[in-house]
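Okay, structure first, notes after.
The values are calculated or read from the model by the stated rules, or taken from the named source; none is laboratory data. These numbers were taken from a predicted model, which means no experiment stands behind them. In this analysis, Cβ positions are derived from the backbone assuming ideal geometry, glycine residues included, and neighbour counts consider all displayed protein chains. Please note that ligands, DNA and RNA were not included when accessible areas were found on the heavy atoms of the full protein model with its side chains. Shrake-Rupley method; radii C 1.70, N 1.55, O 1.52, S 1.80 Å.
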Amino acid sequence: MTSTADREPPPDPSFEVATPRADLTAFAGARALAAWWVVYSHSADWLFSVLPELSWLAPLAHTGLAVDVFFVLSGYSIAQAYGARRWTLRSYGRYLRNRLARLYPAHVAVLLAFLALCLGGALVGIDSEPGAFPPVGLLAELTLTRAWFGDALWWNPPAWSLSAQFLAFLLFPVMALAIRGRSRRRSTPTLLVVAVLTIAVSTLAAGLAPSAMNGMAPPVVRVLCGFALGVCVAQLTSRLPVTGHAAWVAAGGGLGLLIAAVVLEPGAPRAWAAITFAAVVVGGLAVASPRTTAALRSRPAQVLGRLSFSTYLVHVFVLILLAKTITPAAVGAFPFPLRALVLLAWSGSILGASWLLHTLVEAPAHRKLAAPRRDHEGNLERPSGGQRSVRRSDEGADASQPGRHRRLAEGDGARR
């Protein structure tokens with residue numbers, strides 16, 4: 001028998017979430033594409049130094065238009081998993097525990113790798129880039145507060161987004177309660193106004209106070225706006241039917257990101273394009289029929305999607321090692337067909353490191369640290385089909401996981 005304290009409060013029926021009609025596994029493929037666009041953008045300088053024949057691809061090397069897909073998708077997924085929850089101190093604690101279980105172990109593992117690289121380089125007389133590994137930066141990384149107070153790129157540069165996203169996770173219950181009140185009145189126009197305001201705030205911030213990293217909005221503003229927009233997209237798309245045309249809408253959003261990367265300069269126009277087209281991609285995939293997203297739901301896309309968080313965290317560490325090992329002077333005399341093998345070394349090493357981080361740290365740590373999923377009577381949920389019970393987290397951040405949409409409809413995410 002379980003105690004009353006262990007029970008999850010019943011969901012609030014006023015918050016609308018996706019029903020089983022939508023196949024959300026296509027989000028895994030979208031995350032994979034976004035993650036590898038970030039990898040390519042960070043790798044461009046080194047790749048073009050050893051393979052100048054590919055420098056015509058340089059205009060696509062803009063990370064600012066890929067990571068916004070993560071921010072909007074994060075808000076969408078968290079809204080799907082937790083939007084209908086009745087918040088208490090206990091449920092809020094379980095929610096934060098699951099967020100940290102998802103982010104923190106892999107983040108700390110990569111930080112330790114950078115610390116070893118820094119100390120090892122100092123021991124053998126290799127100086128690191130000035131300001132790249134400050135002690136205060138390590139403290140900010142460990143407390144997930146780096147982006148709260150600035151836009152410095154130290155230790156693991158891509159991890160800036162984790163601290164800003166963690167702030168969004170902390171504030172999500174406030175967003176959910178605000179939008180939940182609106183949804184009771186079925187106020188689609190109000191949700192649209194909120195969505196437009198988030199886009200406007202991100203755009204204005206990029207124009208008035210651009211980040212030194214990439215000319216976009218300051219990190220906290222950028223992530224909070226993208227996350228809040230994702231929450232709005234979750235509410236708005238829950239009222240739409242599944243259609244094959246939605247996949248074309250998502251493809252149009254992806255094409256818009258590519259065009260903006262080529263033709264727009266850093267600043268307000270690019271910031272507007274990034275957050276707007278990211279929302280179009282997520283909203284389109286949310287209601288796209290499975291037949292039209294087969295490529296994003298393929299097995300390779302699902303594997304790359306599962307590895308995408310580890311890929312995002314570890315790729316800069318691998319790039320540093322590659323740049324020290326494969327230099328233009330070392331391979332410049334070789335013909336292009338031989339130098340093209342660098343592409344295999346680049347993609348294979350990053351993919352291998354991602355698999356190791358995911359398999360050895362991210363996945364097992366999440367299974368061990370996340371709170372087990374319980375129903376409203378306090379019992380551990382059991383899988384369907386008579387299978388044996390498994391310990392499952394209630395974090396649900398990956399709405400793209402197979403069967404996740406079914407569990408949302410049957411469990412604490414159902415609209416009643």
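For this structure, a couple of remarks:
- Residue check: Leu117 meets all listed conditions (1) modelled with pLDDT of 90 or more; (2) open to solvent by 30 Å² or more (accessible area, probe 1.4 Å) but one, namely (1).
- Residue in region 323-342 that is free of Cβ contacts under 8 Å to residues at least 40 places away in the same chain and crowded, with 19+ Cβ neighbours inside 10 Å present: no
- Single residue of Arg85, Arg31 found to be at pLDDT below 90 and basic (Lys, Arg): Arg85
- The residues of region 176-205 that are under 13 Å from Gln235 (Cβ atoms), open to solvent by 30 Å² or more (accessible area, probe 1.4 Å) and modelled with pLDDT of 85 or more, listed by number, are Leu192, Val193, Val194.
- In summary, Phe317 fulfils each of the numbered conditions (1) open to solvent by 50 Å² or more (accessible area, probe 1.4 Å); (2) assigned to a helix (DSSP H, G or I); (3) more than 16 Å from His62 (Cα to Cα) with the single exception of condition (1).
- Scanning region 261-302 for residues that are under 25 Å from Val242 (Cβ atoms) and open to solvent by 30 Å² or more (accessible area, probe 1.4 Å) yields Phe277, Val280, Pro290, Arg291, Thr292, Ala294, Ala295, Leu296, Arg297, Ser298, Arg299, Pro300.
- When region 216-237 is filtered for residues that are open to solvent by 10 Å² or more (accessible area, probe 1.4 Å) and not in a helix (DSSP H, G or I), only Pro218 remains.
- Restricting region 206-215 to residues that are of a type in the set (A, V, I, L, M, F, W, C) and open to solvent by 10 Å² or more (accessible area, probe 1.4 Å), the residue that is modelled with the highest pLDDT is Leu208.
- Scan of region 309-346 for residues that are of a type in the set (Ser, Thr, Tyr) and closer than 17 Å to Ser49 by Cβ, ordered by number: Thr325, Thr327
- Ala261 vs. criteria touching a Lys or Arg at 6+ places or on another chain (Cβ under 9 Å) and either farther than 16 Å from Asp68 by Cβ or part of a helix (DSSP H, G or I) (or both): yes
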